[in-house]
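A.B. asks: Structure below; questions to follow.
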Amino acid sequence: MFYVKLTLGSVLVLYLTTSLDFIATLSYPVRSSRNEPLARRLGQKEDTMATTVLHAQNISCPHCAMTIKRELGPIEGILSVSVDVPTQAVSLEYTGADALERAKATLDDLGYPVRD
């Protein structure tokens with residue numbers, strides 16, 4: 001009789017039993033394609049992640065920060081957004097230069113133009 005159990009840590013554990021109720025345990029690491037980035041699984045070129053800090057004008061309160069996070073977060077390629085109100089800094093983690101350009105354009109549309 002065989003029992004197969006998938007445990008945390010992606011280890012396949014196989015339990016073998018015999019008529020003597022002896023249990024032997026064999027553990028095998030499981031290689032899952034789910035651990036690979038989506039682009040690699042689809043055979044596409046992977047974009048490298050980058051981090052940048054943009055200095056935008058007119059950020060004056062927590063509501064401004066919330067608005068910026070809400071509007072930049074859904075942009076394709078933007079991985080994370082954080083806003084520091086006192087310094088008017090917007091920190092972005094993103095993949096691809098086009099995501100950064102879309103973020104700058106969105107900030108401008110929202111009334112928070114990026115200073116060079």
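A.B. asks: Taking segment 100-116 only, how many residues are among the acidic types (Asp, Glu) and surrounded by 17 or more Cβ atoms within 10 Å (Cβ to Cβ)?
C.D. replies: Going through segment 100-116 one residue at a time, the tally reaches 0.
Yes/no matrix, rows are residues, columns are (1) in contact (Cβ under 8 Å) with a residue 24 or more places away in the chain; (2) among the aliphatic types (A, V, I, L, M); (3) not in a loop (DSSP other than H, G, I, E, B):
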residue: Arg70; (1), (2), (3): no, no, yes
residue: Val81; (1), (2), (3): no, yes, yes
residue: Val90; (1), (2), (3): yes, yes, yes
residue: Glu93; (1), (2), (3): yes, no, yes
residue: Asp98; (1), (2), (3): no, no, yes
residue: Ala103; (1), (2), (3): yes, yes, yes
residue: Leu107; (1), (2), (3): yes, yes, yes
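A.B. asks: Which of the residues spanning segment 85-99 are surrounded by 13 or more Cβ atoms within 10 Å (Cβ to Cβ) and in contact with a strand residue (DSSP E or B) (Cβ under 9 Å, 6 or more places away or on another chain)?
C.D. replies: Correct list: Gln88, Ala89, Val90, Ser91, Leu92, Glu93, Tyr94, Thr95, Gly96, Ala99.
A.B. asks: Taking the options Asp98, Asp108, Asp21, name whichever one is over 21 Å from the mean Cα position of the chain (by Cα), modelled with pLDDT under 95 and not hydrophobic (A, V, I, L, M, F, W, C). If you could, list the steps in order and put the result at the bottom.
C.D. replies: Values: Asp98 fails: over 21 Å from the mean Cα position of the chain (by Cα); Asp108 fails: modelled with pLDDT under 95.
Of Asp98, Asp108, Asp21, the one residue that is over 21 Å from the mean Cα position of the chain (by Cα), modelled with pLDDT under 95 and not hydrophobic (A, V, I, L, M, F, W, C) is Asp21.
A.B. asks: Of all the residues that make up segment 47-68, how many are of a type in the set (Gly, Ala, Ser) and in contact (Cβ under 8 Å) with a residue 40 or more places away in the chain?
C.D. replies: Matching residues across segment 47-68 total 2.
The values are calculated or read from the model by the stated rules, or taken from the named source; none is laboratory data. Everything quoted here is computed from the prediction, not taken from an experiment. A quick note on method: Cβ atoms are made from the backbone with ideal geometry, for glycine too, and the neighbour counts reach across all protein chains shown.
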